[in-house]
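All of the numbers you see were taken from the coordinates with simple rules; none came from a lab. Everything numeric here is computed off the predicted structure, so don't read it as measured data. Here the Cβ positions follow ideal geometry from the backbone for every residue, glycine too, while neighbour counts run over all protein chains shown.
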Amino acid sequence: MQENRNTSCGSSFENRGTVCIDTKRVLDCCRDRDCFEDARVYLTDAGTELINNATNVRIRKAKLVWAYVGLDNIPFNCGFYRVTVKYYVKIEGEGCVGIGKSQCFDGIAVLEKEVILYGGEGEIVSFSSNPGASYCDVGNLDNVSDNSPIAIVEAVEPIVLGQKVTDCPINKCCCDCSEIPSCVCGCLDGNLSNCNNGNKLYVSFGIFSVIRIVRPAQLLVQATDYS
């Protein structure tokens, strides 16, 4: 038997009633202040040559150009998910190459962090109508979706806390130069250098971020009337 619920319209109760809306509900979130210390900066060919010959180096600007956000459920902990965030930060630096002379360079730093948040339980599959399809059309799977949780990351531009130029590796990087996506490399003025010899640039960053997990949900809200 069919059952209809929440069918009250705006004309009832003196243009006030309860309506159902389809939105995304925030199930869990966290606010973080992270310090990524001594992150390796992958430089272009020109930048690598510059820091090998420069007498002094400084960082002028740091900008988030992209971030990978991954979501994986945690075994034996129903409803909890591991959120993996990998930030790609473009830095713009300046090096002294002579008395009164300076030259600019750029590069990419990769920062990675993980958090565990609650994302809810239960999985459903939903199907939507297609206005262009007839009764006998087989169609495709474009109208199929589910209510799987989605991780969202909001972050401010990184703050440069310090930099080091050394020929000795300081720490192990979370990725290799060849693993940086082409869309990130495209924002640089030149190709990334694969040379691991000579001086290397390490920068410490501070990032303020908010990470949250949302799920599709239907909520009842008070409304005065339809717009």
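With loop defined by DSSP as not H, G, I, E or B, and exposure as at most 14 other Cβ atoms within 10 Å, which is the longest segment of the chain clear of exposed chymotrypsin sites (Phe, Trp or Tyr not before Pro)? Result for the longest clean stretch: 136-225.
Per-residue ellipticity at 222 nm, computed for the chain from helices alone with -39500 (n - 2.57) per DSSP H run of at least four residues, works out to -1500 deg cm²/dmol.
Positive end of the dipole of the chain (Cβ unit charges, origin at the Cα centre): among 107, 185, 127, the Cα lying farthest that way belongs to 107.
Charge tally around residue 198: other residues with Cβ under 10 Å, Lys/Arg +1 each, Asp/Glu -1 each, net -1. Available extension along the chain between residue 114 and residue 166 is 15.9 nm, counting 0.36 nm per residue and deducting the alpha carbon span. Do the alpha carbons of any pairs in 24/63; 164/200; 61/164; 61/172; 90/200; 24/113 sit beyond 20 Å of each other, and which pairs? Check vs 20 Å cut-off fails for 24/63; 61/172; 24/113. Maximal additional length on extending the residue 24-residue 37 stretch stands at 1.2 nm, based on 0.36 nm per residue less the C-alpha distance.
Stretched out straight at 0.36 nm per residue, the stretch from residue 55 to residue 76 would grow longer than its current Cα-Cα span by 2.1 nm. Label-to-label distance, residue 220 versus residue 187, with points set 7 angstrom from Cα along the beta-carbon direction: 4.6 nm. Evaluate the Kirkwood expression for the hydrodynamic radius of the range 116-227, namely the inverse of the mean inverse distance over all pairs of different C-alpha atoms, and round to one decimal in Å. Taking every pair of different Cα atoms in the range 116-227, averaging 1/r and inverting gives 20.6 Å. Judged by the mean number of other Cβ atoms found within 10 Å, the most tightly packed of the peptides 47-54, 144-151 leads the ranking 47-54, 144-151.
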